[in-house]
Amino acid sequence: MNATHEVEVVVVGAGQAGLAGAYHLRRAGFAPERDFVVLDHSPAPGGAWQYRWPSLTYGKVHGMHSLPGMELTGADPARPSAEVVGEYFASYERAFDLRVRRPVDVHAVREGTGGRLLVETSAGNWATRALINATGTWDRPFRPRYPGQETFRGRQSHTARYRGPEEFAGQRVVVVGGGASGTQHLLEIAPYAAATTWVTRRPPVFREGPFDEEAGRAAVALVAERVRRGLPPTSVVSVTGLPLNDAIRAGLASGVLDRQPMFDRITPDGVAWDDGREVAADAILWATGFRAAIGHLAPLGLREPGGGIRLEGTRAVADPRVHLVGYGPSASTVGANRAGRAAVRDIRRLLAAADPLAA
């Protein structure tokens with residue numbers, strides 16, 4: 001399809017951050033389809049939540065903040081979070097008439113004509129004056145490389161493809177990763193597996209007591225500082241430590257959460273350390289996180305020498321037409337809401353400066 005549509009703003013992604021941005025565009029008077037369009041590559045509403053494993057029920061979800069303007073209430077804690085959040089996002093899109101187009105793959109964003117950006121997609125092209133990029137990280141699971149990885153005779157998988165603990169029944173499983181994902185998956189798999197081994201690059205840091213607002217601000221500030229310096233962001237969770245809740249305490253007491261240092265190589269039958277220790281394994285589960293899915297922005301040359309995109313607020317320093325929400329310090333549900341509002345505020349100023357009659 002060769003059609004090129006002109007709009008004021010293109011929103012790429014319809015997860016929490018993208019829907020928050022679209023909501024604030026509507027509140028600012030932008031009309032869907034005429035003034036802005038939301039493009040989402042997923043087949044259904046729900047953002048990355050629709051890919052969560054069935055055993056992650058809504059009651060196990062931590063820190064799910066409602067989208068702006070519409071609370072998520074009355075959810076059954078025993079239902080899969082993918083279903084609960086997917087239905088909520090679908091209702092939200094209808095309630096605010098956001099008209100999300102899906103499935104649409106965004107291939108590239110490059111310089112267009114007349115000061116506009118050209119967004120090239122599987123459903124045609126859009127020429128836009130501003131871009132809200134809300135593509136998150138789910139499409140870029142990170143799996144580090146280790147010597148011997150290609151020789152392993154068992155199964156290697158990433159938590160992005162995890163479907164539940166039953167797939168590891170009777171197996172010897174090595175879980176790699178010291179974040180919340182690693183501990184959650186390990187504790188869930190352990191009752192089904194023949195044996196489990198937990199390895200991390202750094203000793204885990206367990207956090208006692210409540211994670212209050214002040215601690216949250218301090219954690220976000222650490223990630224924000226990396227983004228300001230043009231470095232790739234770490235996750236907010238990575239700087240908060242692991243909450244020492246009842247499940248973690250039980251895992252420590254039972255020995256399931258007996259952390260081992262990172263192995264040095266992978267063998268055909270397991271993993272090994274340079275000191276001679278070996279652990280036999282049938283499966284390796286990489287709970288090693290994700291990276292920002294921003295490859296489509298490469299033609300704009302936004303990356304700094306440090307490897308990240310330097311931001312002022314949500315605005316890319318190298319191109320004020322581009323806003324990244326759900327990136328770095330806003331990579332949380334509450335952060336995404338705030339970032340969507342901030343991006344729209346700046347975009348209105350940008351459009352007004354270029355044309356006093358606009359926005």
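Computed values, structure above
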quantity	calculated
Criterion (under 30 Å from D40 (Cα atoms) and buried (at least 21 other Cβ atoms within 10 Å of the Cβ)) met by exactly one of G136, G178	G136
Members of the stretch 110-150 that are modelled with pLDDT of 95 or more and among the aromatic types (F, W, Y)	W126, Y146
Residue, surrounded by the most Cβ atoms within 10 Å (Cβ to Cβ), within the stretch 310-328, restricted to residues that are farther than 17 Å from V12 by Cα and within 19 Å of the chain's Cα centre (by Cα)	L311
Test: residue in the stretch 243-265 that is within 22 Å of the chain's Cα centre (by Cα) and not in a loop (DSSP other than H, G, I, E, B)	yes
Residue among G115, G170, G164 that is out of contact with any helix residue (DSSP H, G or I) (no Cβ under 9 Å at 6 or more places or on another chain) and farther than 21 Å from Q16 by Cβ	G170
Of all residues making up the stretch 247-272, the number that are in contact (Cβ under 8 Å) with a residue 24 or more places away in the chain and of a type in the set (K, R)	2
Filter pass, R228 being among the basic types (K, R) and at pLDDT 95 or above	no
Total residues in the stretch 273-298, condition part of a loop (DSSP other than H, G, I, E, B), within 24 Å of G170 (Cβ to Cβ) and touching a residue at least 40 places away in the same chain (Cβ under 8 Å)	3
Qualifying residues in the stretch 181-206 (those that are among the β-branched types (V, I, T) and touching a residue at least 40 places away in the same chain (Cβ under 8 Å)) - the one surrounded by the most Cβ atoms within 10 Å (Cβ to Cβ)	T183
Residues within the stretch 61-85 that are among the small types (G, A, S), surrounded by fewer than 20 Cβ atoms within 10 Å (Cβ to Cβ) and out of contact with any strand residue (DSSP E or B) (no Cβ under 7 Å at 6 or more places or on another chain), tallied	5
Failed condition for A281, given (1) out of contact with any helix residue (DSSP H, G or I) (no Cβ under 6 Å at 6 or more places or on another chain); (2) crowded, with 19+ Cβ neighbours inside 10 Å; (3) more than 22 Å from P144 (Cα to Cα)	(3)
Some residue of the stretch 32-54 being assigned to a helix (DSSP H, G or I), in contact (Cβ under 8 Å) with a residue 60 or more places away in the chain and crowded, with 23+ Cβ neighbours inside 10 Å	yes
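The values are calculated or read from the model by the stated rules, or taken from the named source; none is laboratory data. Here the structure is a predicted model, which is why all the values come from computation and not from measurement. Counting neighbours? That spans all protein chains shown, and the Cβs are built from the backbone with ideal geometry, glycine included.
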